[in-house]
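Participant: So that we are looking at the same thing, I have put the structure below in structure tokens.
The values are calculated or read from the model by the stated rules, or taken from the named source; none is laboratory data. In this text the structure is predicted, and so the values were computed from the model without any measurement. Every residue, glycine among them, receives a Cβ derived from its backbone with ideal geometry; neighbour counts consider all protein chains shown.
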Amino acid sequence: MMRNKKNTIAKLLAEEDIFVIHKQMETAYFDVKNRELGLPIWKENAINDVEEELMVCHEIGHALETPLSMLEDATIRKIEHSVVNVLEDARIEKKVKNKYLGTVRIFNAGYDSLIKKDFFGTSGKDLSSFNLIDRINLFFKGNTDVVFSDEEKVWVDRTAKTETPDEVLNLAEELIAWMSENPESMGNPDESSESGEAGEAGNGKSDKSDSTGKGESGKTGEEEGKENDISKNVSESDDDINDDNSTTNSSGDDSDDDNTGTNADKKELKVPDTKDVVEGGKGGEGAASTPNITAETDSKFGKSITDARDMNAENVDYVRINNIDLDQVVVPYKKVIEDNENYYKKDMFFIKTRFEVEELKKSSKKTVAYMVKEFEMKKSADAYARAAVSKTGSLDMGKLHTYKYNEDLFKKVTTLPGATNHGLVMCLDWSGSMADNLNGTLSQLFNLIWFCRRTNIPFEVFAFSDVYSKYNKVEIQREAGAFELRNFAMMNFFSSKMTTDEEMKMMHYLWMIANQWGYRDWANNGYPQRASAAYQLGGTPLNEAILAMMNIVPKFKKESGVQKVHSIFLTDGAGSSLATKNEWMLDTKKESPTFGEHFLGYSALSGKAMIIDPLTNKTIENNAAVYTRGIYVTPALLELLKNRVPEMNVVGFFVAGSGRHGKVKADTLRYSVDGWNSKYNGDVEIMKALSDLKKNNVFVSKSKGYDEYYILPGAAQLNVEEFEMSDELVGASKAKLKTAFAKSSAGRISSRPLLNKFIAMVA
């Protein structure tokens, strides 16, 4: 709960949907490239809530203010990173405090707690022994007892007034150069105070000072007043950092002057002439030649953070679901029709397959009409069952004469629950292993479409493929922090928006594609025409299709106005793996022309993984060690899909039969049943599944992710069948005719498991 609270606070402060993660890392950080805020996994009681809140607010400052190029520029200019970090921290924390006044308390309390825990390495040490950049760091972290000489106060004042990243870099460069020429600013880090002379040992505060003007114990009141006058500019310019009710004191003009270092500015602030040493810092001497000038307190803080980490905690990978651009991946049905219309020759094979589809529609007409009637009856019966009868409070004058023996004299009203509009979005597997099952699958699909037409149920049917993208310009946009995806396409085969003519054309072309593998009358009609390259069968980007559905379904629901969506996935195997994620990497090969530049690469997921939907802020924990098998990531993606669309039913149909005969093997069922749900284990359940498939043409399983999961046979067993009355029944008894009719109806329904189960869901 506390972690979720911090995540929400971070997103609100950052004013964007940043990526908040908790995993094994060296320190809290904000990745300005990935827009990612990282928090380590802490040892128990090592970091309290206010300290972690401080880290969140601090890193949010980087999210809002620190550009990606800043540290890269520092590297190019050879500026010590710890110095840049100290000065940039002061700048961004000032910005956060000024923007969100409530964070002042968090910063003050957090740093006070960290100083008492000696996270900066000040305990038992005289603060005057630290070099200038360390004292600046301690001062802006809330230790106001740090003292500075008159010349040093100028640098403190300039630190308080920095407004831009460029000002920070310039200031860091100048400060390093000045310290290298002023050894008295370097302090003596090895010098420690005697016991009792270090002020409050727990917070590193001290009253001692040196001969540079840092103050001295026992000094006169006149000297103390002089020191207070000298520090006035610093305290005034930093009121915004240490005072809840104050704001920044520098105007835009002042900021520019600070950055350029004009003579007037130098005069006002008594800034020494650093022109030569700054140029040296840029050229090669300067900062690059003084590696000893580092912020030791910054380094010590990093080490303290490392010590507070739970190094034994299980590592966690965080990966976001991809935001699929539908304009990029969806192939409109008009485009599919046009492509195939321009491709196929109008030969004998073309004519024959068209006739086959027309005959299929004609033969299914009666059965579909029967199932429509059954559907309407189920709807009516269900509505009646849910009807509510209530009294109105008005007298029924027709019953008034019965008042002596009847107490029920009031009018009644029957209220029927509001009808729910249903819609269908289906995803069809267009992979190579579907070849022998394609005819049967399409015949099932066609019946489902004809039913939806008769009942005015809006629908969309897509086929997911990784082949289409090879022959057409389909480039999946790579996103930092998200899954690394293969290029794929969602081919929109059918839509309730199609005309009847478009629908028949699409059915015909798909039937021709299916017959490329299933057509066997070669002697009479020649070799069937092969499908165009873009519409050939390929791999199984099921998981990619689920990611696309996260945008497809909400769009469909909005455009169609339906209240409840049924999302159906029909496949004959597991989806491809999603075992890698995209991330920004720095090119470190000096011989490379892109040396020092970031590029979008990918890394393997390992161990425990947290899959996050940035849109809903829903997180699913998953075991990334098995991501090489797509079946293990599919349930997590389905859960996130359902979370995107309330009141959605997600159903899976698995074609288990393989080969030309569609034989269902026990091993296949063991994989699909036991692999998806541990409930089904052992040969007993396998035999039951085989029996159900033989008897009912479908086996109902339970699968994590799907609301319902149906296992179907394959090949010819998927074909729809029409059961006609035998001539032997002519003149038969009424009872015999009734039995024969019942068997015929049952046979017609059982041969259409896809349609039958859909009707049950909708009714």
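Participant: Do the conditions hold for F446, that is, is it crowded, with 22+ Cβ neighbours inside 10 Å, outside any loop (DSSP other than H, G, I, E, B) and either in contact with a strand residue (DSSP E or B) (Cβ under 6 Å, 6 or more places away or on another chain) or modelled with pLDDT under 90 (or both)? Write out each step before concluding.
Facilitator: On the way: crowded, with 22+ Cβ neighbours inside 10 Å: yes; outside any loop (DSSP other than H, G, I, E, B): yes; either in contact with a strand residue (DSSP E or B) (Cβ under 6 Å, 6 or more places away or on another chain) or modelled with pLDDT under 90 (or both): no.
No.
Participant: Exactly one of these conditions fails for T414: (1) under 30 Å from S469 (Cα atoms); (2) at pLDDT below 85. Give me its number.
Facilitator: Of everything listed in (1) under 30 Å from S469 (Cα atoms); (2) at pLDDT below 85, T414 misses just condition (1).
Participant: How many of the residues in the range 453-466 are buried (at least 22 other Cβ atoms within 10 Å of the Cβ) and either in contact with a Leu (Cβ under 6 Å, 6 or more places away or on another chain) or part of a loop (DSSP other than H, G, I, E, B) (or both)?
Facilitator: 2
Participant: Mind listing whichever residues of the range 312-351 are assigned by TED's automatic domain parsing to the domain that holds Y535, among the hydroxyl-bearing types (S, T, Y) and touching a strand residue (DSSP E or B) at 6+ places or on another chain (Cβ under 6 Å)?
Facilitator: Passing the criteria: only Y333.
Participant: Related question: Hey, can you tell me all the residues within the range 321-334 that are charged (D, E, K, R) and either free of Cβ contacts under 8 Å to residues at least 60 places away in the same chain or surrounded by 21 or more Cβ atoms within 10 Å (Cβ to Cβ) (or both)?
Facilitator: The one that is charged (D, E, K, R) and either free of Cβ contacts under 8 Å to residues at least 60 places away in the same chain or surrounded by 21 or more Cβ atoms within 10 Å (Cβ to Cβ) (or both): D327.
Participant: With the requirement that a residue be polar (S, T, N, Q), in contact with an Asp or Glu (Cβ under 9 Å, 6 or more places away or on another chain) and closer than 22 Å to F462 by Cβ, what does the range 304-344 give you?
Facilitator: Across the range 304-344, the qualifying residues are N322, N323, Q328.
Participant: Within the range 467-497, restricting attention to residues that are over 27 Å from the mean Cα position of the chain (by Cα) and surrounded by 21 or more Cβ atoms within 10 Å (Cβ to Cβ), which residue is nearest to L537 (Cα to Cα)?
Facilitator: F493
Participant: Do any strands (runs of 3 or more DSSP E) entirely within the range 5-77 hold 2 or more residues that are of a type in the set (A, V, I, L, M), at pLDDT below 75 and more than 24 Å from H598 (Cα to Cα), and if so, which?
Facilitator: Correct list: empty, since no element meets the threshold.
Condition check ((1) over 25 Å from L442 (Cα atoms); (2) aromatic (F, W, Y); (3) part of a helix (DSSP H, G or I)) across all residues:
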site	(1), (2), (3)
I476	yes, no, no
E479	yes, no, no
F493	no, yes, no
M506	no, no, yes
W511	no, yes, yes
A514	no, no, yes
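Participant: Taking E728 as the residue in question, decide whether it is at pLDDT 80 or above and surrounded by fewer than 20 Cβ atoms within 10 Å (Cβ to Cβ).
Facilitator: no
Participant: Same structure again: Give the residue that is modelled with the lowest pLDDT, with candidates limited to residues of the range 706-719 that are crowded, with 20+ Cβ neighbours inside 10 Å and in a loop (DSSP other than H, G, I, E, B).
Facilitator: Ranking the qualifying residues of the range 706-719, first place goes to G714.
Participant: Take the range 315-349 and flag every residue that is among the hydrophobic types (A, V, I, L, M, F, W, C) and part of a loop (DSSP other than H, G, I, E, B).
Facilitator: Those that are among the hydrophobic types (A, V, I, L, M, F, W, C) and part of a loop (DSSP other than H, G, I, E, B): I321, I324.
Participant: I've got another one for you. Take the residues of the range 678-705 that are surrounded by 17 or more Cβ atoms within 10 Å (Cβ to Cβ) and either among the hydroxyl-bearing types (S, T, Y) or modelled with pLDDT under 65 (or both): which is farthest from P635 (Cα to Cα)?
Facilitator: Y680
Participant: Against the definition (assigned to a loop (DSSP other than H, G, I, E, B), out of contact with any strand residue (DSSP E or B) (no Cβ under 8 Å at 6 or more places or on another chain) and modelled with pLDDT of 90 or more), how does M498 come out, yes or no? Quick ask: steps written out before the conclusion?
Facilitator: On the way: assigned to a loop (DSSP other than H, G, I, E, B): yes; out of contact with any strand residue (DSSP E or B) (no Cβ under 8 Å at 6 or more places or on another chain): yes; modelled with pLDDT of 90 or more: yes.
Taking the combined requirement at face value, the residue satisfies it.
Participant: Can you confirm whether the range 602-613 contains a residue that is at pLDDT below 75, over 17 Å from E544 (Cβ atoms) and of a type outside the set (F, W, Y)?
Facilitator: Among the residues of the range 602-613, at least one is at pLDDT below 75, over 17 Å from E544 (Cβ atoms) and of a type outside the set (F, W, Y), which makes the answer yes.
Participant: Within the range 664-674, identify whether any single residue is modelled with pLDDT of 65 or more, among the basic types (K, R) and either closer than 17 Å to D572 by Cβ or not assigned by TED's automatic domain parsing to the domain that holds G440 (or both), and answer yes or no.
Facilitator: Yes, there is a match, as at least one residue in the range 664-674 is modelled with pLDDT of 65 or more, among the basic types (K, R) and either closer than 17 Å to D572 by Cβ or not assigned by TED's automatic domain parsing to the domain that holds G440 (or both).
Participant: In this structure, does V633 turn out to be touching a strand residue (DSSP E or B) at 6+ places or on another chain (Cβ under 7 Å), in contact (Cβ under 8 Å) with a residue 24 or more places away in the chain and more than 16 Å from Y318 (Cα to Cα)?
Facilitator: Judged against the criteria, V633 is not a match.
Participant: For the structure I just gave you, tell me whether E296 is modelled with pLDDT of 90 or more and not assigned by TED's automatic domain parsing to the domain that holds K608.
Facilitator: yes
Participant: Can R158 be described as in the same structural domain as I293 (by TED's automatic domain parsing) and either in contact with a His (Cβ under 8 Å, 6 or more places away or on another chain) or buried (at least 22 other Cβ atoms within 10 Å of the Cβ) (or both)?
Facilitator: Here the answer is yes, as R158 does meet what is asked.
Participant: Among (1) under 24 Å from N182 (Cα atoms); (2) in contact with an Asp or Glu (Cβ under 6 Å, 6 or more places away or on another chain), where does V84 come up short?
Facilitator: (2)
Participant: Moving on. So for the range 124-137 (the condition being closer than 24 Å to T66 by Cα and aromatic (F, W, Y)), does at least one residue qualify?
Facilitator: Among the residues of the range 124-137, not one is closer than 24 Å to T66 by Cα and aromatic (F, W, Y), which makes the answer no.
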